[in-house]
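The block underneath contains the structure these notes are about, expressed in structure tokens.
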Amino acid sequence: MPSLLERFDQISYVTNDIDRAVAMFEEHYGVTGWSVTPTEFDARVRQENGRIRMNLGIAMINEVRIEIISPVADLGGLYTDCLKGGSAFELHFHHIGVIVSGPENAWHKRVAELERRGVVHMIGQLGESIRFIYADERPFLGHMVEHFWVADE
């Protein structure tokens, strides 16, 4: 079996203020070239189905994607559970992301393995070409791991 962490691609944070989070990364860490876009997708979090809406900030540092998520409409507390609420600025580490390489069959094998291990927390997709699953690895690694597959990657 290939490593479940084979192609590390991203590190992701959750915030209650996308503009302030982007500015903080620019000012304190020199991370520039941000693209911030509204994003939404259908998902299943645990056994709850629905639609997640967020503002999503993306920047690249060498080959690693930095992702900042600002939830607008969450599902099952996937992103908002780590936010305390209130008006104070918050930014929290949320997950790492790994790419699932290969044809669609490789994606189905990964999903089956994560389901067998009982770590599937969320599963979703953007159109037909991008699929992703959050594995709850908090008991083992202290954070979630997003596995994502892109058609023709």
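Odds and ends about this structure:
- Residue match in segment 118-140 (condition: surrounded by 13 or more Cβ atoms within 10 Å (Cβ to Cβ), of a type outside the set (Val, Ile, Thr), within 20 Å of Pro38 (Cβ to Cβ) and out of contact with any Asp or Glu (no Cβ under 8 Å at 6 or more places or on another chain)): yes
- Answer residue from segment 10-37, given it is surrounded by 11 or more Cβ atoms within 10 Å (Cβ to Cβ) and part of a strand (DSSP E or B) and is nearest to the chain's Cα centre (by Cα) among those: Ser12
- Verdict on Ile58 being touching a residue at least 24 places away in the same chain (Cβ under 8 Å) and surrounded by fewer than 19 Cβ atoms within 10 Å (Cβ to Cβ): yes
- Taking the listed residues Gly57, Gly85, Gly77, Gly50, the one that is more than 17 Å from His143 (Cβ to Cβ) and in a loop (DSSP other than H, G, I, E, B) is Gly85, with no other qualifying.
Throughout, read-outs are computed from the coordinates displayed, never taken from laboratory work. The structure displayed is predicted, hence computed values, not measured ones. Heads up, the Cβs are rebuilt from the backbone with ideal geometry, glycines too, and the neighbour counts pull from every protein chain shown.
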